[in-house]
Amino acid sequence: MNDRMDRRWKRFLGVPRSALGSLVILFIALAAVFLLSFLLSKTPARTLRYFFIGPLQNTYYLGNMLNTSIPLIFSALGVSLAMRAGSFNLGGEGQLYGGAFIATVSAVAMAGWGIAGVICAIVLGAVTGGVMAAFSGYLRMKWQTNELITTFLLSNAVSLVVGYLIAGPFMDPATNLIATRKIPESFRFSRILEPSNLSSALVMALVMTVVVHLYLYRTKSGYELRMYGLNPRFARYGGINSGSYLVLPMFLSGALYGLGGAMAIFGTYYACMKDFSVGMGWNALAVALIARFRPVAIIPAALFFAYIESGARNAMLHSDVTFEIASIVQSVVFFLVTSSVLQRIGTKRERG
Amino acid sequence: MSDTAVTMHDIVKTYRETGRCANDHVDLTVGRGEILCLAGENGAGKTTLMKVLYGMEKPESGTITVMGKRVKIDSPLDANRLGIGMVHQHFMLVDEYTVAQNVILGREPMHNRFTIDADAAKRLVDEVIHAHGFSIDPSARVGSLTVGQKQQVEIVKMLYRDVDILILDEPTAVLTEQETASLFGTLRTLRDTGKSLILITHKLHEIKAISDRVAIMRQGRMVGHYETASVDERELAGLMMGKSFSPAIGKTPYGRKQETVLRFAQVSVVRRNQGRPMLKDVSFVARTGEILGFAGVGGNGLGELESVLAGTLPISGGTITHRGQDISKSDAHRLRERGLAYVPSDRLKVGSALEASVSENLIIAARKRFSRHGMMRGKHIMQHARTLIDTYSVQGTADMPIGTLSGGNIQKVILAREIAQYRDYIVFSEPTWGLDIASSKFVHTQMIALRDAGASVLLLSSNLDEILSLSDRVLIFSRGSIVAELEGERLHTVTKEEMGAYMLGMHVREAAHE
């Protein structure tokens, strides 16, 4: 590419060239929405209007959309942290579910502790997710198992156990829902955009994004983690203790998932319902992929995913399409982000 | 019909990644029914030339004639069709399959379009095995065979494809003496049935033992074709190594007070399932203010020595001490803390993280110095990077990914980092491999400057010119042991032919007396 072209690309919409690939993917996804509306709806114009404008038309929908993005942000941060260290954490769903469950039951048990109870419950939730993921990292360090598989299997097993606990010993007898008791009212995060569900957990999500960014790019441990992820042999050559970077990033990754689960409970659901986390892990993976594992890019990516979901929900309420339109569009995105060719658009071509 | 099987004319092949010309207008002829050894040092371009013939590499120019016909070979399949087969150094076999299944893979006898005729397969493979006097059972599982037998399977695989020209890439590298003898027997039988064989090798006694003719390559060029009977081993070594001496770079003779920095005592490395130790009773001392050169042909222990020095290969016997303290069991982490500085031979896979920035690459071993309370000190890091980029005139900026730099500049970054890191000793492994003359000279100047400043410099190199022009003392490795130590007057008068003879395992006894 010559210089003039180069400059023009750089100027394009004022975004860095490296983000172009992701933009192309988002564009194709939105085109899919158009296509599906014309195919599936008798009133495509109405469908499209509610799909695109709906989520933004009032504070209720806007707030709910933002709220949907919160667990996505936490989870995508979790995916990215492991990925930066060269590890895969596919067990996010179970870690999120397990973290949420432990956070809920500890909050119920520590009802009288006040603010200390809130902190303790959330920390316990995070640690639960962290320990689950770290276990897979440890197995890899010890016996070179594949963490991609162990995290996934472990997560599925834990999900079943948690499901049993919620439906059995910990079920709230006062309701007909398959859910635990609700956490004490004083523990719940405040709503920040009535009448929507949006809670102050959003602030936590933003803070955590900044924290993860600072950790990766400003701390010595983050530097070591990234170098290990980029080239383990180089890290070892430089004297970085390689074993710990198989376990620590997995712990942090799982902890972020657990934290995401706890936030969903404390901000939105107040009780841990059976299978409430289904789908969150995979969506988070897609979000992280779009953001290419860069913490700061996760926020717009998560908002985009939440937007698609809210749009579909809106179109479903006000027009004649089903909610599955969201799943289809998200699948399209998922499918496209795995294409390295699209991801590379605008970046330097690989040598060789 | 002529009696040449293959003629390669004016082959040029440059590797784009490194810009190195691996084959520089090379000619090669192979006669029918002869065994030709293609000989040369590591990196002389032998394997590249054979990959061109086998359709694995595309040359920029040149022509190939097979059995009198001009041909174009774009893939190994093309090569097979023309009757050319190759046995690679690393076997390409499916362990879970039987010998027969491996042999027919890709060219199966069929009942019809969908089912393989297993009986015919076994019969056909059996015929090939018996016709050439091999000793393998076609129904044995390949995973249960010895290395020598696996190699036979590879050869049978090629014969099953009716090849008349067989290329073998360093076939004896993995074999025991007995297996080698038996392989040579097989090769002679094949030759007598009219096959043409090309052996890539750098072992002198093997060239003498097996070949009819020998073609010698050096630094990408063809030195010439010789009747094996007309040259002796010494001449062969000379042809492979080259005769010219490069003028020594001006340096002051060392006269400083010399202290021992590093001491190896009877260090051995034995790997499981491998009879021959990779390093055997290696003892030496490295002192301040000298460049200690380690010479050897690939596969003779220098690679293992490098890993031991780097702390990534545990030793199985002996002791290593640094300034009197035992570091035999120290890993890379501990050695780095003690001030290990080390320029690795593999700059891209070990020496750098290509996607990380130059500044990040520069602090890998010194990261403690650039952090406070666990936080990286961004300003210091950038300043450090800019200073080093300036000092070493690296063409690039601190925040560029190091992978976007040229090979020579990557090496400068690594040098800058390790020189900034060194305390009393520094290890260089193949420091100028693949670099152009200007970059090589820069590296050499840096090494001499380090030595003059009192560092103990360890130079591991397969480049004899480099070893001879820089070292104050040279240790020569062959088969994992030190076979000679050259110093002072002896080092000044030694010829490359003599060096080659030591490195290739001749005169071991003489060396012991010296």
What does the convex hull of the Cα atoms come to per residue for region A:162-301, in Å³? 145
Taking r as the C-beta separation of A:Phe34 and B:Arg188 and R0 as 60 Å, the FRET efficiency to the nearest 0.05 is 0.20
Report, in debye and to the nearest 20, how large the dipole of the protein assembly as shown comes out about its Cα centre when Lys and Arg carry +1 and Asp and Glu carry -1 on their Cβ. 2940
Separation between Cα centres of region B:361-419 and region A:273-293, rounded to whole Å: 37
Please report the spacing between the Cα centers of region B:273-318 and region B:138-211 in Å, no decimals. 30
Per residue, how big is the convex hull around the C-alpha atoms of chain B? Give it to me in cubic angstrom, could you? 179
Chain B, relative contact order [Cα under 8 Å, separation at least 6], %: 15
Among B:Met92, B:Leu236, A:Ala167, which residue has its Cα positioned farthest towards the positive end of the charge dipole of the protein assembly as shown, with +1 placed on the Cβ of Lys and Arg, -1 on the Cβ of Asp and Glu, and the dipole taken about the Cα centre? A:Ala167
Linear extension gain, A:Thr145 paired with A:Ser331, 0.36 nm per residue minus alpha-carbon span: 64.0 nm
For region A:245-344, alpha-carbon Rg over 2.2 N^0.38 Å: 1.22
Where q = 0.04, 0.09 Å⁻¹, what log10 of I(q)/I(0) comes from the Debye formula for the protein assembly as shown, counting one point per Cα? -0.26, -1.08
Along the three principal axes, how long is region A:2-351 when you take its alpha carbons, biggest first, rounded to the nearest angstrom? 66, 62, 32
Considering region B:117-212, what Rg and Dmax in Å follow from its alpha-carbon atoms? 13.6, 45
The orientation-averaged projected area of the Cα convex hull of region B:349-443, in nm², is 6.3
With 10 angstrom as the radius, rank A:Thr219, B:Thr63 by how many other C-beta atoms surround their C-beta, starting from the fewest. B:Thr63, A:Thr219
Please compute the modelled spin-label separation between A:Ser200 and B:Asp27, points set 7 Å along Cα→Cβ, answer in nm with one decimal. 8.7
Can you tell me the convex hull volume per residue for region B:269-311, based on C-alpha atoms, in Å³ to the nearest whole number? 84
Helix-derived [θ] at 222 nm for the protein assembly as shown: sum -39500 (n - 2.57) over DSSP H runs of at least 4, divide by residue count, nearest 500? -15000 deg cm²/dmol
So the FRET efficiency between B:Thr493 and B:Lys58, C-beta based with R0 = 41 Å and rounded to 0.05, is 0.35
Cβ-based charge dipole, the protein assembly as shown, positive-most Cα from A:Ser87, A:Leu230, A:Ile70: A:Ile70
Once the piece of chain linking B:Ser75 and B:Thr404 is laid out straight, how much longer is it, given 0.36 nm per residue of separation minus the C-alpha distance between them? 115.4 nm
Could you list, in their original order, any pairs among A:Lys220/B:Lys329; B:Lys46/B:Lys203; B:Lys280/B:Lys349; A:Lys142/B:Lys368; B:Lys208/B:Lys496; B:Lys13/B:Lys441 whose Cα atoms are separated by more than 18 Å? A:Lys220/B:Lys329; B:Lys280/B:Lys349; A:Lys142/B:Lys368; B:Lys208/B:Lys496; B:Lys13/B:Lys441
Within 10 Å of each residue's Cβ, count the other Cβ atoms and sort B:Ser139, A:Ser310 from fewest upward. B:Ser139, A:Ser310
Expressed in µm² per second, the diffusion coefficient of region A:173-219 from the Stokes-Einstein equation, with Rh the Kirkwood radius over alpha carbon pairs, at 20 °C and 1.002 mPa s, is 158
So, in Å, what gap is there between the alpha-carbon centers of region A:153-203 and region B:87-126? 60
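Values in this text are rule-based calculations from the coordinates and carry no lab data. Please read these numbers as outputs of a predicted model, since none were measured by experiment. FYI the Cβ positions are ideal-geometry reconstructions off the backbone, even for glycines, and counts take in every protein chain you see.
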